[in-house]
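Colleague: Attaching a single structure in structure tokens format; questions to follow.
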Amino acid sequence: MSLSHLATTTISNPTISGNPLRKSTRNTSGSVRLSNRTPYTSCELNKQNQEPTQNGGIDRRNVLLGLGGVYGATATIANNAIGAPMVPPNLATCHPATDDETKLPVACCPPYSSATIVDFKPPSSSEPLRVRKAAHKYNSDDIAKFEAAIAAMKALPKDDPWSFGQQATIHCTFCNGAFDQVNSKNLLQIHGSWFFLPWHRYYLYFWEKILGKLIGDETFAIPFWNWDSPKGMYLPKMYQPSSSPLSDDTRNKDHYSSVIDYKYSMNDPNPSTPAQIDEVVTRNLAELDSIFKETLQLPALFMGKAQRGGEAAANAQGRNEGLHNVFHQWVGPLQKPYHNMGNFATAGKDPVFYGHHGNVDRMWDIYSKLRGQKVEFRDPDWLESSFIFYDENRQVVNVKVKDCLTPESLRYSYAPEPLAWTTIRRKYKKLQNAAQTRSAGDSLKLKPVSEFGSAPRNLTEPIQVLVQRPKTSRTKNEKADSVEVLFIDGIEVTHGSTARFDVYVAKPIEGLAGPHNGELAGSFVKVPHAHGGSGAHKNVSSLELGISTLLEEIDAESSQKLVVTLLPRNGDVVVGGVQIRLVDVDDDDL
Ligand code: C2O
């Protein structure tokens, strides 16, 4: 069964049933076969079951902590150092954060410093399903209703937790250093790890419910910016008129009628001719296609790496988050401190943030359905992790990751849209071939390349290195068991600044590098965020990219080494190392 077949038969149907009997017969329309073997083991957790089954008979944390899995907002964890689910912050301990660019304090604290916190109860299945529609397809009635809801939210008193400004502050609360984690000096941070998708899912969920409440419509659904479809690759028009409550005058208006290039880096000119636009759209779609293909077996590559309670921020974005960052930079202004969309401290102040994240969340939903809704991480440190939100009943609730694994479990869904990226490969290949023959005239220049070495290197100009593969000519079965991953480690970037570099992979020609960088394996894209004030002012991040499909495409499966090119795009970046390792598909983390 091909990916595109699945996309049309499965994804257009938002009501994939959660039949627990499917466990051993996964090759139904709701699952993806990644190989000719039974892809999932018996210790899987299906999202509808929502109970972690035992991993090898032992729950690591219960053994270590003797805990039964009870974590209230005020619960503390015996010893954070050994890892545990993330718990909500202690409300009384909120402190100012500092914007590293402006050196000014950023107010990220909630408007309440104490609250009775109750456990979130997922909506019952009798509640109406709220169906989110693509923003570019909104008709005038849809727009009027959405505008009325936003206007009502904007009209609330400033310190009302439902007000537009306070809702925006929540984003800052969870990512800008306003809270230390409970029993830890490490700051609360939900970006750059496996918390990125579930946290934002809940954030939008409550925002949507509150908006619905404000206009007295319990079926009210927010729009999503359908940027994975050719017609959606523009800032949706309804956000643009300056008279609209959906506008934001801090945006880069040069992009108002331009197509977005996923390869955008600060200051890049807009593609303008029809041929350029067509090329950009094709490349965007091809990138989406490769994001899904290269990550499907190993959720950490799509969702971000593990982050456990008490630990320092993982700073390891998945492909979904990395791509999402490009939109923050593209919508936001070119000037420091990049407010609003271009800086996490302020991003929630722009109404388009929520449309953008609607699609980010939808990408997770598509990813999940392509995997037959097999849970992404079985680790209780993910499933039992919790956050707090101020809900549509004016109650602070403690939500757990395990209760938001499907949109349907929160009683919303995405209106089906065609997935153009599932059928783009052939056109993209043609484009690539044309580009390469054009420059083949300047004679095949082969250059010797060395290995990365052990010392960190400044990415002031392209770094091209030869990287050893752990194994060549892997069989289908081997590929089903482990994923070949390119690790870029020790990436150092200054906190307040933006950064981007692109990673290309090519097959060496007689041990030398050819004239082309090869195929894009992925990108590191960083959006500035404010910071708690103390501690290191450098972010140390890592980037992990699956390359199995890419290697098949460039016919490099038998190469012992690969030529990896790191292409700087913006920001001051230092790179610590480049490696290729095999990661077992049963591993929750990389
Ligand atoms: Cu919390 Cu788009 O970022």
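Readers should treat all values here as calculations from the given coordinates under stated rules, not as data from a laboratory. Everything numeric here is computed off the predicted structure, so don't read it as measured data. Quick reminder, even Gly has a Cβ in these numbers, built from the backbone with ideal geometry, and neighbours come from all protein chains shown.
Colleague: Fully extended, how many nm does the chain gain between D555 and D584 (0.36 nm per residue separation, minus their Cα-Cα distance)?
Modeller: On the way: separation 29, 0.36 × 29 = 10.44 nm, distance 2.27 nm.
Full extension of this stretch gives 8.2 nm more.
Colleague: In addition: Debye calculation, C-alpha points only, no solvent: report log10 I(q)/I(0) for region 411-518 at q = 0.18 Å⁻¹, in the same order as the q values.
Modeller: With no solvent term, the Cα-only Debye profile gives -1.24.
Colleague: Can you tell me the mean projection area, over all orientations, of the convex hull of region 333-385's alpha carbons? Units nm², please. The partial results should precede the final answer.
Modeller: Values: hull surface 21.0 nm².
Value for region 333-385: 5.2 nm².
Colleague: Next up: Quick one: grab the alpha carbon gyration tensor of region 444-589, order the square roots of its eigenvalues as a ≥ b ≥ c, and give me rounded if a/c is under 1.5, else prolate or oblate depending on whether a/b is larger than b/c.
Modeller: On the way: a/c = 2.36, a/b = 1.44, b/c = 1.64.
Oblate is the answer for region 444-589, as a/c is 1.5 or above yet b/c matches or exceeds a/b.
Colleague: Right, something else. When the scattering of region 345-461 is computed by the Debye formula from its Cα atoms alone, each counted once and equally, what is log10 I(q)/I(0) at q = 0.18, 0.19, 0.21, 0.23 Å⁻¹?
Modeller: -1.11, -1.16, -1.28, -1.39
Colleague: Using 0.36 nm per residue of separation minus the Cα-Cα distance, give me the extension gain between V540 and K263 in nm, one decimal. Write out the running numbers ahead of the final one.
Modeller: Values: separation 277, 0.36 × 277 = 99.72 nm, distance 2.27 nm.
Between V540 and K263, full extension yields an extra 97.5 nm.
Colleague: Between Q436 and T472, what length comes free when the chain is fully extended (0.36 nm per residue of separation minus the Cα-Cα distance, one decimal in nm)?
Modeller: Numbers: separation 36, 0.36 × 36 = 12.96 nm, distance 2.61 nm.
Between Q436 and T472, full extension yields 10.4 nm more.
Colleague: Step through the residues of region 548-561 one at a time and calculate ³J(HN,Hα) from phi using the Karplus curve (6.51 cos²θ - 1.76 cosθ + 1.60, θ = phi - 60°), rounding each to whole Hz and writing x for Gly and Pro.
Modeller: 4, 5, 4, 4, 5, 5, 8, 6, 10, 4, 8, 6, 7, 10
Colleague: Once you order the gyration tensor axes a ≥ b ≥ c over the Cα atoms, which shape class does region 223-356 get: rounded for a/c under 1.5, otherwise prolate or oblate by comparing a/b with b/c?
Modeller: Details: a/c = 1.94, a/b = 1.21, b/c = 1.60.
Verdict is oblate for region 223-356.
Colleague: Determine ³J(HN,Hα), in whole Hz, for all residues of region 359-375 in sequence, where each value follows from phi through the Karplus function 6.51 cos²θ - 1.76 cosθ + 1.60 and θ = phi - 60°; x replaces Gly and Pro.
Modeller: For region 359-375, the Karplus curve yields 6, 4, 5, 5, 4, 5, 4, 5, 4, 4, 5, 4, 8, x, 6, 5, 4 Hz.
Colleague: Still on this structure, please answer the following. Shape of region 371-426 from its Cα gyration tensor (a ≥ b ≥ c, root eigenvalues): rounded if a/c is under 1.5, otherwise prolate when a/b > b/c, or oblate? Numbers along the way, then the final one.
Modeller: Working: a/c = 3.32, a/b = 1.68, b/c = 1.97.
Oblate, since a/c reaches 1.5 and b/c is not below a/b.
Colleague: Would you calculate the separation in nanometres between label points at E461 and S243, each defined as 7 Å from the Cα along the Cα-to-beta-carbon direction?
Modeller: 5.5 nm
Colleague: Check which residues have an amide H placed less than 5 Å from Y412's amide H, if you skip close sequence neighbours.
Modeller: HN-HN under 5 Å from Y412: R130.
Colleague: Any idea what the dipole of region 444-589 comes to, in debye rounded to 20, about its Cα centre with Lys/Arg Cβ at +1 and Asp/Glu Cβ at -1? Numbers along the way, then the final one.
Modeller: Values: 15 positive and 21 negative charges, 122 e Å.
The calculation lands at about 580 debye.
Colleague: Hey, which of these cross-link pairs are over 22 Å Cα-Cα: K374/K400; K305/K427; K103/K336? Walk me through the numbers on the way to the answer.
Modeller: Values: K374/K400 18 Å; K305/K427 33 Å; K103/K336 12 Å.
As for pairs spanning more than 22 Å Cα to Cα, those are K305/K427.
Colleague: Tell me the chymotrypsin sites (Phe, Trp or Tyr not before Pro) within region 417-501 that lie in a loop according to DSSP and have at most 10 other beta-carbon atoms within 10 Å. List each step's numbers first, then the result.
Modeller: Working: sites: W421, Y428, F452, F487, F501; in loops: F452.
For chymotrypsin sites (Phe, Trp or Tyr not before Pro) across region 417-501 that sit outside H, G, I, E and B with at most 10 neighbouring Cβ atoms in 10 Å, the list is empty.
Colleague: Can I get the semi-axes of region 154-302's equivalent ellipsoid? Compute them from the C-alpha gyration tensor as square roots of 5 times the eigenvalues, in angstrom, largest first.
Modeller: Values: eigenvalues 185, 115, 53 Å².
Semi-axes from the Cα gyration tensor: 30, 24, 16 Å.
Colleague: Loop-only trypsin sites (Lys or Arg not before Pro) in region 87-153, please: DSSP not H, G, I, E or B, and at most 11 other Cβ atoms within 10 Å.
Modeller: Values: sites: K103, R130, R132, K133, K137, K145; in loops: K103, K133.
Counting only loop positions with at most 11 other Cβ atoms within 10 Å, the trypsin sites (Lys or Arg not before Pro) in region 87-153 are K103.
Colleague: Additional query: E127 to T273: FRET efficiency via 1/(1 + (r/R0)^6), r the Cβ-Cβ distance, R0 51 Å, to the nearest 0.05? Before the final figure, lay out the partial values.
Modeller: Working: r = 49 Å, r/R0 = 0.96.
For R0 = 51 Å, the calculated efficiency reads 0.55.
Colleague: Can you run phi through the Karplus equation (6.51, -1.76, 1.60; θ = phi - 60°) for region 256-269 and list ³J(HN,Hα) in whole Hz, with x for Gly and Pro?
Modeller: Once θ is set to phi - 60°, the couplings for region 256-269 become 4, 10, 9, 6, 7, 9, 4, 8, 4, 10, 2, 6, 4, x Hz.
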